[in-house]
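Derivation of every value follows stated rules applied to the coordinates shown; laboratory data play no part. What you see is a predicted model; the values in this text were computed from it and never measured. A quick note on method: Cβ atoms are made from the backbone with ideal geometry, for glycine too, and the neighbour counts reach across all protein chains shown.
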Amino acid sequence: MFSVVQCSAVFGVDAYLVRVEADVAGGSIPSLSVVGLPDGAIRESRDRVISAIRNSGYRFPPRRITVNLAPADVRKEGSAFDLAIALAILASSEQIRIGDAETILVLGELSLDGTVRPVRGAVAIAADARTHGVTSMIVPRENAEEAAVIDGVSVYGVGSLLEAATVIANPPVAAAVDVDLDALFLDANRDLPDLADVKGQEHAKRALEVAAVGGHNLLMMGPPGSGKTMLARRLPSILPRMTLDEAFETTKIHSVAGALAKDAPLVTSRPFRDPHHTVSMAGLVGGGKTPGPGEVSLAHHGVLFLDELPEFPRNALESLRQPLENGTATIARAWGSLTFPARTMLVAAMNPCPCGYLGDGRRACRCNPALIQRYHAKISGPLLDRIDLHVEVPAVPFEQLRDDRISESSADVRHRVQRARDAQRRRFTGTRVYTNAMMGPRQVREHCKLDGDAMELLAAAMERLLLSARGHDRILKVARSIADLDDSEGIQLPHIAEAIQYRSLDRLIRD
């Protein structure tokens, strides 16, 4: 007898439907073969499925069984097909009944005792299944809330093969998992560290606010203990709250990577990723035998923080050029390429020299000029060009550390940032651009016009700082963000002057 169960697989961060077809035929030698370009994990599913069926109280048919994963020309990977294969075999041997197979999707890994284990990519699979007319999903109980954030699909969490067999025969409407999205967003930023905790560093706080307004990349340079990391960790608290679409996009990436928290079915806070400086190029931008998302994609719609920037491998840093420029990370292989979303804010921190105390004024620097030059040379000019704001973060004086006055809170700063972001969304209505940092050459010419005095100042800065054409455009984008903070329609001389000030490290690092 022949039967079909719908399943799904993930390719990159998107999913596609897979039909699990099972045929139980006669034959003197019992066998189970899985075809349709399965990988090693799927081929091993034969032993898991056989044990799970027997340990769940069913009879494994002593026949010649063939399982096909269609489409057969696409390689399938992972253990998420176990549950669908087991149910298809049970239906083909007439031990269970399946309802409307075309509208039910099954997902899950099986243990030998028949329990169902969680899998990756449930959100992406649910979103794709809805577009193909699937109305019900049977998933591991641990993935139920994650899949249920997609509206229009009834999700049933199961803990065993026996439970799944009962649900697939007649899905009980009342038992579908329900997720309150409003409640998830209500507590989104409650536990984020507050900017009010930072003593002093008003110049750096201002740069952080400007970066948040336009989605700009930021580099902070200062001695150890000056508060660079503390400032970076508070950037998500002043960014605008995530929209529902942004939350879905980010959740898909985290789900596929297996980085989704168990108690958080939806990513509602801006991600903050801070990989160690020993991270590989594949870990930073994505890769592997079957390419998966890297740290730059896991920080999509959030912040990627690189502490001790010169200590990162040179090839890893250079691999960030394309994601920072295009908002995507493309991983190419012989069989094709995968593109992962990577619209993130890069925030980097570094010491002014290897010992950390160049220009500190309190401690003497032990580094000779050649050593300092080699240290700065680890950051290439093209990468530095892609960082919009460069800020020096000096050590905080004792008087400021002991100041009991309460600094401005993250909520107050976020209110100004949100107002400026709203102005940008209105300005870029009808385009794919929604922050100043995303502007292309045409938008820069249209929205970043300068008067005579501002033009002269920018020309002088270009010559003195030896800025590239990319650096020129990034100064204009930052000036546009500063003008938005001032509710100014045009870019004025003070705005361009402040934007130029944020390029001071161009001269310091290259000298």
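Indicate the gyration tensor shape class of the stretch 336-431 (rounded, prolate or oblate), computed on the Cα atoms with a ≥ b ≥ c the square roots of the eigenvalues: a/c under 1.5 is rounded; otherwise a/b larger than b/c is prolate and the rest oblate. The partial results should precede the final answer.
Numbers: a/c = 3.24, a/b = 1.26, b/c = 2.57.
Oblate, because a/c is 1.5 or more while a/b does not exceed b/c.
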Output the relative contact order of the stretch 302-349, whole-number percent, from Cα pairs under 8 angstrom with separation of 6+ residues.
53 percent
May I ask you to work out the translational diffusion coefficient for the stretch 373-484 at 10 °C, viscosity 1.306 mPa s, via Stokes-Einstein with Rh from the Kirkwood sum over Cα pairs, reported in whole µm²/s?
93 µm²/s
Rg over Rh of the stretch 122-172, using C-alpha atoms and the Kirkwood radius, what does it come to?
0.95
So what is log10(I(q)/I(0)) for the stretch 23-96 at q = 0.13, 0.20 1/Å, when the Debye sum runs over its Cα atoms only?
-0.35, -0.83
What is the gain in length, in nm to one decimal, between THR166 and THR290 on full extension, counting 0.36 nm per residue of separation less the C-alpha to C-alpha distance?
41.2 nm
Förster radius 45 Å - calculated FRET efficiency between LEU401 and HIS472, Cβ distance, rounded to 0.05
0.70
Over the stretch 366-418, what per residue volume does the convex hull of the Cα atoms give, in whole Å³?
127 Å³
Descending principal axes extents, the stretch 185-238, alpha-carbon based, whole Å:
37, 23, 15
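Residues with beta-carbon under 13 Å from that of GLY159, excluding GLY159: net charge, scoring Lys, Arg +1 and Asp, Glu -1? Present the calculation step by step, with values, prior to reporting the outcome.
Numbers: positive: ARG117, ARG141; negative: GLU109, ASP113, GLU142, GLU163.
Cβ neighbours under 13 Å give a net charge of -2.
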The stretch 101-188: Kirkwood hydrodynamic radius (Cα pairs, Å) comes out at 13.1 Å
Note the count of lysine pairs whose C-alpha atoms are less than 14 angstrom apart in the chain, limited to pairs 8 or more residues apart or on different chains.
4
Cβ-Cβ cut-off under 9 Å around VAL123, Lys and Arg +1, Asp and Glu -1: the net charge is 0
Counting DSSP beta bridges with both partners in the stretch 3-95, what percentage is antiparallel, nearest 5?
75 percent
Distribution output for the stretch 270-316: share of Cα-Cα pairs per 5 Å bin in percent, first bin at 0, values 6, 23, 30, 24, 14, 3
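Out of every Cα pair in the stretch 188-287, what percent are spaced more than 19 Å from each other? Could the numbers behind the result be given before it?
Details: 2649 of 4950 pairs.
Here the tail beyond 19 Å accounts for 54 percent of pairs.
For the stretch 23-82, what is the charge dipole size about the Cα centre, in debye to the nearest 20, if Lys and Arg each add +1 at the Cβ and Asp and Glu each add -1 at the Cβ?
Values: 9 positive and 7 negative charges, 56 e Å.
Value, rounded to 20: 280 debye.
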Per the Kirkwood treatment, what hydrodynamic radius in Å, one decimal, follows for the chain from the mean inverse distance over all distinct Cα pairs?
25.5 Å
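Please figure out what share of the DSSP beta bridges in the chain is antiparallel and state it in percent, rounded to the nearest 5.
Working: 27 of 56 bridges.
Bridges in the chain are about 50 percent antiparallel.
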Which ³J(HN,Hα) values in Hz, rounded to whole numbers, follow from the phi angles of the stretch 42-57 under the Karplus curve 6.51 cos²θ - 1.76 cosθ + 1.60, where θ = phi - 60° and Gly and Pro get x?
6, 4, 5, 5, 4, 5, 5, 5, 4, 5, 5, 5, 5, 7, 9, x
Net charge of Cβ neighbours under 12 Å - reference SER407; Lys, Arg +1; Asp, Glu -1
-3
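Assuming a viscosity of 1.002 mPa s and a temperature of 20 °C, what translational diffusion coefficient in µm² per second does Stokes-Einstein assign to the stretch 44-85, Rh being the Kirkwood radius over Cα pairs? Walk me through the intermediate numbers first.
Numbers: Rh = 11.7 Å.
Estimated diffusion coefficient is 183 µm²/s.
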In debye, nearest 20: dipole of the stretch 209-333 around its Cα centre with unit charges on the Cβ of K, R (+) and D, E (-)?
180 debye
Roughly how tilted is helix 410-427, in degrees to the nearest 10 and between 0 and 90, from the longest Cα axis of the chain?
80 degrees
Can you tell me what the convex hull of the Cα atoms of the stretch 318-362 projects to on average, as an area in nm²?
5.0 nm²
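Based only on Cα atoms, what Rg/Rh ratio does the stretch 1-124 have, Rh being taken as Kirkwood's radius? Provide the component values of the computation, followed by the final result.
Details: Rg = 13.4 Å, Rh = 14.3 Å.
Result: Rg/Rh = 0.94.
Quick one: plug the Kirkwood hydrodynamic radius of the stretch 113-239 (C-alpha pairs) into Stokes-Einstein at 10 °C, 1.306 mPa s, and report D in µm²/s. Don't jump to the answer; show the numbers that get you there.
Working: Rh = 18.3 Å.
Rounded to a whole number, D works out at 87 µm²/s.
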DSSP loop (so not H, G, I, E, B), at most 14 other Cβ within 10 Å: list which trypsin sites (Lys or Arg not before Pro) in the stretch 194-282 pass both filters.
ARG241, LYS262
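In cubic angstrom, how much convex hull volume per residue do the alpha carbon atoms of the stretch 59-121 span? Working shown, then result.
On the way: hull volume 7.4 nm³, N = 63.
Taking only Cα atoms, the stretch 59-121 has a hull volume of 117 Å³ per residue.
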Sum of -39500 (n - 2.57) over DSSP H runs of 4+, divided by residues of the chain (222 nm, nearest 500):
-11000 deg cm²/dmol
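With +1 on each Lys and Arg Cβ and -1 on each Asp and Glu Cβ, and nothing else charged, work out how big the dipole of the chain is about its Cα centre, in Debye to the nearest 20.
So the magnitude is around 1160 debye.
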In the stretch 208-259, with Lys and Arg counted as +1 and Asp and Glu as -1 at Cβ, which of these residues, HIS216, THR243, THR229, has the Cα nearest the positive end of the dipole, that is, farthest along it?
THR229
If you count, for each residue, the other Cβ atoms within 10 Å and average over each peptide, how do 137-150, 329-342, 306-319, 362-375 line up from highest to lowest?
137-150, 306-319, 329-342, 362-375
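Over all directions, how big on average is the projection of the convex hull of the alpha-carbon atoms in the stretch 404-464, in square nanometres?
In nm², the orientation-averaged hull projection of the stretch 404-464 is 7.2.
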